[in-house]
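Everything below concerns the one structure shown next.
The values are calculated or read from the model by the stated rules, or taken from the named source; none is laboratory data. Everything numeric in this text was worked out from a predicted model, so none of it was measured. Glycine also receives a Cβ, built like all others from the backbone with ideal geometry; neighbour counts cover every protein chain displayed.
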Amino acid sequence: MSEPISYPVPWDQVFSLTPHLRKGTRKDLSEFTGAIVGRMLPAPVIEGWEHLPASPRFLLVANHYQRKGLWILHSAAVLTQAVLRHYGAESPPDLPPMRWMVTANWPPIRVGPWKLPSPGDWLLPRVAHALWCYPVSFAGANPAYTARSIRAILRDARTATRPIGLFPEGVAGSAGRLSAPLPGVERLIVQLARLGVPAVPAGISEAGGRFHIRFGAVIDAGEILVTGNAAELCMARVGELMQS
């Protein structure tokens, strides 16, 4: 059995965010993700294009595929570039092809009996802003902070012209297996469905030494609203799309 391919961390792209972190400005996400995907050799395999709906106003739901040698940034970049390839650039062109919901803090640092805030609490929200993401905290860590982002997502979703990206497992997810969706994900999916936003599942996996993404059939808003648990429904559809 061959060893999994290792994709180097694109440090030059990461460091290119520095001026945006200082100024509070935003990076061209098409350029940023394109530079990352362009170095992934062999090139990722993307299937299921026929399932992408005519309107790019949808929730893209994928498994949190990350392992040693493959960062979640690679997975998100491939999906972002796939959306860009299918729907073209936004107008004006500096707007992002899609917007991701991301965890934007780290656990506190423990020193003996003391608990200190992590530097990530300062850094990661700024990274999220620079990359057009909606930042949320670890489950239960800062409900008010997360609530602000949820309100922003729901407000923007009313007039969205691009997908919102979501890894329901959050940082607990890893390559090759599915974890339970995070608390609150089910409610978010339902709230978006009430606004008429469907979900598109995408399964991320590896097979034959290649990185694979497979899009699945649209889960329309009506189906989401009548199911028992919208998050579990979406993750079941994602699981069906993962290569074994």
(request) Among the candidates Thr146, Thr161, single out the residue that is modelled with pLDDT under 95, of a type in the set (S, T, N, Q) and crowded, with 20+ Cβ neighbours inside 10 Å. (result) Thr146
(message) I'd like the full set of residues that are farther than 21 Å from Pro19 by Cα, hydrophobic (A, V, I, L, M, F, W, C), in contact with a helix residue (DSSP H, G or I) (Cβ under 9 Å, 6 or more places away or on another chain) and at pLDDT below 85, limited to segment 89-135.
(response) Trp106
(message) Just to be sure I understand, how many residues within segment 159-177 are more than 17 Å from Leu70 (Cβ to Cβ), more than 14 Å from the chain's Cα centre (by Cα) and in contact (Cβ under 8 Å) with a residue 12 or more places away in the chain?
(response) 2
(request) Return a yes/no flag: does segment 198-206 have any residue that is small (Gly, Ala, Ser), surrounded by 15 or more Cβ atoms within 10 Å (Cβ to Cβ) and part of a helix (DSSP H, G or I). (result) no
(request) Could you check, for segment 230-242, whether at least one of its residues is at pLDDT 95 or above, aliphatic (A, V, I, L, M) and exposed (fewer than 15 other Cβ atoms within 10 Å of the Cβ)? (result) yes
(request) Could you grab me the full set of residues in segment 175-197 that are crowded, with 17+ Cβ neighbours inside 10 Å, among the charged types (D, E, K, R) and more than 24 Å from Ile72 (Cα to Cα)? (result) none
(request) Would you check if Ala172 is surrounded by fewer than 17 Cβ atoms within 10 Å (Cβ to Cβ), of a type in the set (Gly, Ala, Ser) and at pLDDT 95 or above? (result) no
(message) Being aliphatic (A, V, I, L, M) and either free of Cβ contacts under 8 Å to residues at least 24 places away in the same chain or touching a Ser or Thr at 6+ places or on another chain (Cβ under 8 Å) (or both) is the filter here; which residues of segment 181-206 pass it?
(response) Ile204
(message) Tell me whether segment 30-49 contains one or more residues that are surrounded by 11 or more Cβ atoms within 10 Å (Cβ to Cβ), under 30 Å from Gly222 (Cβ atoms), at pLDDT 95 or above and within 17 Å of the chain's Cα centre (by Cα).
(response) yes
(message) Quick check on my filter: what residues within segment 201-220 are more than 15 Å from Val78 (Cβ to Cβ) and either at pLDDT 95 or above or in contact with a helix residue (DSSP H, G or I) (Cβ under 7 Å, 6 or more places away or on another chain) (or both)?
(response) Pro201, Gly216, Ala217, Val218, Ile219, Asp220
(request) Determine if segment 38-58 includes at least one residue that is in contact with a Leu (Cβ under 7 Å, 6 or more places away or on another chain) and among the aliphatic types (A, V, I, L, M). (result) no
